[in-house]
Amino acid sequence: MKKEKKYLKKFRSLVEKERAEEMRWHENEIRRLSGKEREKRGRAILNLRGRNQGTGLGGRYIVKFLRQRHGEMLPEHEFNTGDLVMLSRGNPLSADTPSGTVIEKSRFSITAVFDKAPPRYIFKKNLRMDLYVNDITFQRMIEALGILAAARGRLARMRNKLLGISDIRGPEPAELELFNKELNEVQVRAVRKAISSDDIFLIHGPAGTGKTMTCIEVIQQAVKRGLTVLSAAGSNVAVDNIVERLVKRGVRAVRVGHPARVNPVLREHTLDYILEDHPDFQKAQQLREKAMGLKDKQDNHTHPGPRWRRGMSNEKIMTLAQKGRGNRGVPASRIKDMAEWMKIQEVVDGIFSEVDRLENDAVDKILMDAEVVCTTNSTAGSEIMSGRNYELLILDEATQSTEPEALIPLVKADRVVLAGDHRQLPPTILNKEAGEKGLAVSLFERLLEVHGEKIKEMLRVQYRMNRMIMSFPSREFYSGELEADQAVIDWTLADLELETPSDPLMKKIFDPAQPVIFLDTVEKCSGEESVKDSKSYYNRVEGEMSVKILETALETGLDPGEVALISPYKDQTDWIRSGIDEERVEIDTVDGFQGREKEMIILSLVRTNDSGNIGFLKDLRRLNVSLTRAKKKLVIIGHSPTVGSHPCYRRLIDSVREAGGYMHTG
């Protein structure tokens with residue numbers, strides 16, 4: 001047990017450090033900035049009033065928040081559906097501040113749902129809404145760690161393999177008949193090994209290699225064999241992607257999670273939506289309405305609070321009421337009225353107990369009938385999922401989840417298939433010490449280090465990038481093992497029939513014969529800049545050039561939804577976004593764009609200084625993500641003396657130069 005206790009102690013400590021760091025970050029900003037400053041940054045909205053919208057599924061309370069002045073639009077903000085928000089009268093950090101989840105937004109209002117009845121001041125004026133952090137995931141990580149440490153039987157055997165106490169045998173490929181006949185040879189081999197694995201198997205899926213498609217086939221094969229299947233991922237987007245593909249293939253998939261965080265197109269496949277048509281749930285709703293009607297009647301009677309109770313027990317009040325007597329200065333009529341309140345409460349409590357039973361029965365029947373249950377890692381630890389176990393877990397985006405987060409769904413499974421790419425960005429960690437001590441290493445990567453290649457299959461054929469875009473990442477990060485499918489090997493912007501730019505530099509940049517461009521700012525160097533109190537950077541020269549290239553792309557006829565502008569630095573994306581009117585063009589950080597793709601990507605590297613300091617560009621996994629988002633055209637803008645001080649970036653620049661795509665800004 002020594003190793004198990006050491007493991008538990010280590011990760012509990014790291015999770016607590018990360019939790020404290022995230023809470024500290026949010027709270028420090030709230031303390032540091034005024035409400036108006038937070039509003040200016042889009043993380044608070046002032047001068048709101050609440051409007052009661054009744055209750056929703058599960059008795060949740062719905063409130064719509066609008067500006068106090070009728071018809072006034074909300075300021076620009078970062079609030080989105082699914083975000084956790086705090087509502088206060090000016091001090092978000094006060095003890096009585098309620099939190100809710102955003103379920104809808106418009107130019108004029110934000111609607112939030114509350115699990116408990118919000119305080120009365122919510123429905124008055126001068127409210128402040130703040131973005132905040134959801135602490136529940138940290139609690140579920142700690143709980144999962146505890147479950148794993150105390151495990152017996154099946155889960156104990158899994159734990160021993162996770163910790164390297166027991167070895168994992170490489171699986172023998174199973175014979176199977178494919179559902180998806182278009183899978184390539186390596187994908188099929190991965191499916192055959194994954195489905196026959198007794199415990200843990202890793203699917204290594206570099207960019208564009210069909211990792212999710214391979215996972216879908218594993219799920220279908222498992223369902224065919226009658227296995228109970230849980231599919232999980234770190235993000236709602238990834239879970240929705242799995243659900244959408246499963247539904248298209250005729251698999252009965254149920255999406256568990258807050259409806260506000262689910263793609264609206266998939267709402268009919270969510271547990272909450274399916275519940276509405278279940279007879280047990282409908283009966284529960286009727287009983288709930290009956291109980292609420294009784295509570296309305298209850299308001300006509302005296303609540304037995306301290307003012308009138310005066311130390312009397314419920315039994316004492318009921319006895320005195322039967323005898324028609326007063327007590328301790330409370331008249332008989334008041335005691336009788338309190339007794340009526342308690343009688344109604346007893347009936348209401350009984351009704352709500354029945355409501356809970358009916359709702360739980362309905363949930364059980366729906367989830368048992370599902371062929372696949374799909375959740376985020378965190379939701380797998382929710383009350384709804386409590387006590388449920390599955391024969392197979394498919395964990396997508398496994399390399400983007402911390403190990404404790406991955407354990408939340410893992411402790412519910414007999415065996416697990418993890419899919420991801422440890423050569424791309426790891427989990428995002430705020431606490432530096434926690435990251436350095438192991439929290440930044442995903443379970444996928446650690447298992448690979450402990451058990452080796454025998455538990456892994458790498459997908460090698462990619463269906464995203466022109467081979468010239470693929471060439472450098474393949475050599476640098478995948479030992480040259482990636483290959484482009486025939487359908488994408490030579491595709492270029494010429495396939496989109498765009499107009500040719502008239503500007504000479506733009507004409508060279510948009511030349512279809514050069515899928516990869518490195519635009520060197522060495523002749524127009526102005527240096528990187530930073531905003532006060534920010535650890536990020538921006539670069540005006542690169543920003544202006546990025547905007548010019550982007551505008552040219554749109555002028556040539558490229559659809560705004562098929563070009564994106566990315567940068568490792570948030571301050572750069574913020575600076576660029578302020579100068580662009582076209583809302584359909586995505587401008588995001590490299591970290592935020594992981595897993596995405598576009599016909600054309602414009603990448604601004606930003607760093608320009610005399611010391612050759614490239615900061616966190618040194619994490620080459622970030623470079624790998626940057627270079628593998630584009631299908632047909634990748635334009636890299638950078639200062640070669642700065643970024644080229646790192647050997648890998650120097651090799652990149654030399655590679656582009658050899659291919660004829662290197663040029664100066666002019």
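The values are calculated or read from the model by the stated rules, or taken from the named source; none is laboratory data. Keep in mind that what you see is a predicted model, and the values were worked out from it rather than measured. Heads up, the Cβs are rebuilt from the backbone with ideal geometry, glycines too, and the neighbour counts pull from every protein chain shown. Accessible surface is based on the protein model in full, side chains and every heavy atom, while ligands, DNA and RNA are left aside. Shrake-Rupley method; radii C 1.70, N 1.55, O 1.52, S 1.80 Å.
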Worksheet item: Does at least one position in region 116-123 carry a residue that is small (G, A, S) and closer than 30 Å to E37 by Cα?
Response: yes
Response to the item:
Picking from S94, S106, the residue that is surrounded by fewer than 17 Cβ atoms within 10 Å (Cβ to Cβ) and modelled with pLDDT under 85 would be S106
Worksheet item: Counting only residues that are in contact (Cβ under 8 Å) with a residue 24 or more places away in the chain and charged (D, E, K, R), which one in region 247-269 is surrounded by the fewest Cβ atoms within 10 Å (Cβ to Cβ)?
Response: R252
Practice prompt. Report, ordered by the first and then the second residue, all pairs with beta carbons closer than 8 Å, sequence separation of six or more or different chains, a first member in region 272-287 that is without any contact (Cβ under 8 Å) to a residue 60 or more places away in the chain, and a second member that is part of a helix (DSSP H, G or I) and among the charged types (D, E, K, R).
Written response: Y273/R267; Q282/E276
Discussion item. Here is a check on your reading of the model: is E391 over 16 Å from the mean Cα position of the chain (by Cα), modelled with pLDDT of 95 or more and open to solvent by 20 Å² or more (accessible area, probe 1.4 Å)?
Written reply: yes
Worksheet entry | Subset of region 208-219 (residues that are open to solvent by 10 Å² or more (accessible area, probe 1.4 Å) and either among the β-branched types (V, I, T) or in a helix (DSSP H, G or I) (or both)) | K211, T212, M213
Discussion item. Among the residues in region 111-119, are any in a strand (DSSP E or B) and open to solvent by 20 Å² or more (accessible area, probe 1.4 Å)?
Written reply: no
Worksheet item: With respect to A370, is the statement that it is open to solvent by 10 Å² or more (accessible area, probe 1.4 Å), modelled with pLDDT of 95 or more and over 23 Å from A190 (Cα atoms) true?
Response: yes
Worksheet item: Does any residue in region 448-460 that is in contact (Cβ under 8 Å) with a residue 60 or more places away in the chain come within less than 7 Å, Cβ to Cβ, of a residue that is open to solvent by 70 Å² or more (accessible area, probe 1.4 Å) and part of a helix (DSSP H, G or I) six or more places away or on a different chain, and which pairs are these?
Response: E457/R189
Discussion item. Being basic (K, R), open to solvent by 20 Å² or more (accessible area, probe 1.4 Å) and within 23 Å of the chain's Cα centre (by Cα) is the requirement here; does R415 meet it?
Written reply: no
Practice prompt. Evaluate the following for L148: is it open to solvent by 20 Å² or more (accessible area, probe 1.4 Å) and not in a strand (DSSP E or B)?
Written response: no
Fill in: Members of region 608-638 found to be aliphatic (A, V, I, L, M) and either part of a helix (DSSP H, G or I) or surrounded by fewer than 17 Cβ atoms within 10 Å (Cβ to Cβ) (or both), listed by number
L617, L620, L623, V625, L627
Discussion item. Can you find a residue that is in contact with a Gly (Cβ under 8 Å, 6 or more places away or on another chain), surrounded by fewer than 17 Cβ atoms within 10 Å (Cβ to Cβ) and in a helix (DSSP H, G or I) anywhere in region 196-207?
Written reply: no
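This table checks each residue for (1) farther than 16 Å from L550 by Cβ; (2) modelled with pLDDT of 95 or more.
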position: I576; (1), (2): no, no
position: V625; (1), (2): yes, yes
position: K632; (1), (2): no, yes
position: V635; (1), (2): no, yes
Discussion item. Residues that are open to solvent by 10 Å² or more (accessible area, probe 1.4 Å), over 21 Å from G543 (Cα atoms) and either without any contact (Cβ under 8 Å) to a residue 40 or more places away in the chain or not in a strand (DSSP E or B) (or both): does region 639-646 have at least one?
Written reply: yes
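Here is a list: E182, E175. Which entry is without any contact (Cβ under 8 Å) to a residue 24 or more places away in the chain and either touching a helix residue (DSSP H, G or I) at 6+ places or on another chain (Cβ under 8 Å) or surrounded by 15 or more Cβ atoms within 10 Å (Cβ to Cβ) (or both)?
Being without any contact (Cβ under 8 Å) to a residue 24 or more places away in the chain and either touching a helix residue (DSSP H, G or I) at 6+ places or on another chain (Cβ under 8 Å) or surrounded by 15 or more Cβ atoms within 10 Å (Cβ to Cβ) (or both) holds for just one of E182, E175, which is E175.
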Worksheet item: With (1) in a loop (DSSP other than H, G, I, E, B); (2) without any contact (Cβ under 8 Å) to a residue 24 or more places away in the chain; (3) in contact with a helix residue (DSSP H, G or I) (Cβ under 7 Å, 6 or more places away or on another chain); (4) not aliphatic (A, V, I, L, M) as the list, and E244 as the residue in question, which single condition is left unmet?
Response: (1)
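Report the residue count in region 630-666 for those that are of a type in the set (D, E, K, R) and in contact with a helix residue (DSSP H, G or I) (Cβ under 6 Å, 6 or more places away or on another chain).
Of the residues in region 630-666, the ones of a type in the set (D, E, K, R) are 631-633, 650-651, 654, 657-658.
With in contact with a helix residue (DSSP H, G or I) (Cβ under 6 Å, 6 or more places away or on another chain) added as a condition, the list becomes 632-633.
Residues meeting the conditions: 2.
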Worksheet item: Does V15 meet the test of being open to solvent by less than 30 Å² (accessible area, probe 1.4 Å) and touching a Pro at 6+ places or on another chain (Cβ under 6 Å)?
Response: yes
Fill in: Sole residue being in contact with a strand residue (DSSP E or B) (Cβ under 6 Å, 6 or more places away or on another chain), in contact (Cβ under 8 Å) with a residue 40 or more places away in the chain and open to solvent by less than 60 Å² (accessible area, probe 1.4 Å), chosen from M141, M86
M86
Discussion item. Exactly one condition in (1) open to solvent by 30 Å² or more (accessible area, probe 1.4 Å); (2) part of a strand (DSSP E or B); (3) farther than 30 Å from L358 by Cβ; (4) of a type in the set (A, V, I, L, M) is false for I62; which is it?
Written reply: (3)
Response to the item:
Considering region 151-172, residues that are of a type in the set (D, E, K, R) and in a helix (DSSP H, G or I), and then whichever is most open to solvent (accessible area, probe 1.4 Å), we arrive at R157
Worksheet item: Which residue out of E76, E22, E4 is outside any helix (DSSP H, G or I) and among the acidic types (D, E)?
Response: E76
Worksheet item: What is the residue count in region 520-573 for residues that are surrounded by fewer than 16 Cβ atoms within 10 Å (Cβ to Cβ), under 27 Å from D654 (Cβ atoms) and not charged (D, E, K, R)?
Response: 3
